[in-house]
1. For the chain, what does the helix formula give at 222 nm: sum of -39500 (n - 2.57) over DSSP H segments with n ≥ 4, over the residue count, nearest 500 deg cm²/dmol?
2. Provide the net charge surrounding residue 134, with neighbours chosen by a C-beta distance below 11 Å and charges set as Lys +1, Arg +1, Asp -1, Glu -1.
3. Apply 1/(1 + (r/R0)^6) to the Cβ-Cβ distance of residue 62 and residue 141, taking R0 = 45 Å, and write down the FRET efficiency to the nearest 0.05.
4. Do you know the relative contact order of the chain, to the nearest whole percent, from alpha carbon pairs under 8 angstrom that are 6+ apart?
5. Run the numbers for residue 172 and residue 27: contour at 0.36 nm per residue of separation, minus the present Cα-Cα distance, in nm.
6. Residue-wise, which Karplus ³J(HN,Hα) couplings in Hz belong to the range 54-68, taking 6.51 cos²θ - 1.76 cosθ + 1.60, θ = phi - 60°, and x for glycine or proline?
7. Specify the angular offset, from 0 to 90 degrees and rounded to the nearest 10, of the alpha carbon long axis of helix 2-12 from the longest principal axis of the alpha carbons in the chain.
8. Given the pairs 18/39; 81/101; 101/132; 79/174, which span a C-alpha to C-alpha distance of over 22 angstrom in this model?
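What follows is calculated from the coordinates using simple rules that are stated; it is not laboratory data. Please read these numbers as outputs of a predicted model, since none were measured by experiment. Virtual Cβ from ideal backbone geometry, glycine too; neighbours counted across all protein chains shown.
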Amino acid sequence: EERGEGEEDLLSSPAFLKQKLKVLEAELSKVEEDTAALKGEADSKREEWSSQRQRLQTDLENFQSRHKSQVADIRTDAKIKVVNELLPMMDNFDRARGSIKADDEAQELANGRYLELHASLMAALEGLGVQKIETVGQEFDYNLHMAIQQVPSEEYAEGLVCEEMQPGFTCNDKLVRAAYVMVSSG
């Protein structure tokens, strides 16, 4: 028992406790230094990954925007292709209507049917985003109009479209077919 008390006295002695305190303070200091270094490294990694994540997010948003734009362009091009196939048929209908004289009831009925069909076709085309190009009375625009002839006109000033020979169309602001027109020379 005496030995046990002697050892306890040694462990409780102020010199031993001071030495133990120094060792613990050194360990605590080392742990604090390691913690600070690891926090600095974590902050550095966080900034690096945050920057990389932001770049990737921006790249993804740009890709999605570009993809939507490309899909919209492809859809518009497909619509234009379909419309280009339909336009000769519509031109033939217009020519046929021009040959109908409303002299009797049968011809008036045929003309009425034509107008219904034409209105139906135009509504379907408008549903696809197709718009007829305004021509008569508009200033000649080489991006939208194809000048067939320049003619003198008392009604229209120089450079204005005075007659439409064949209608033109756009689809979602892309030219499908230029309008064939006569332009006033004043």
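1. Numbers: 3 runs with 120 residues, N = 186.
Roughly -24000 deg cm²/dmol at 222 nm, from the helical runs in the chain.
2. Details: positive: 132; negative: 139, 141, 164.
Net charge in that neighbourhood comes out at -2.
3. Working: r = 34 Å, r/R0 = 0.75.
Efficiency computed from Cβ-Cβ geometry: 0.85.
4. Working: 166 pairs, mean separation 28.9, N = 186.
Computed over the chain, the figure is 16 percent.
5. Values: separation 145, 0.36 × 145 = 52.20 nm, distance 7.34 nm.
Contour length minus the Cα-Cα distance gives 44.9 nm.
6. Values, residue by residue: 5, 4, 5, 4, 5, 4, 5, 4, 5, 4, 4, 5, 4, 5, 4 Hz.
7. Tilt relative to the chain: about 50 degrees.
8. On the way: 18/39 31 Å; 81/101 34 Å; 101/132 26 Å; 79/174 11 Å.
Among 18/39; 81/101; 101/132; 79/174, the Cα-Cα distance tops 22 Å for 18/39; 81/101; 101/132.
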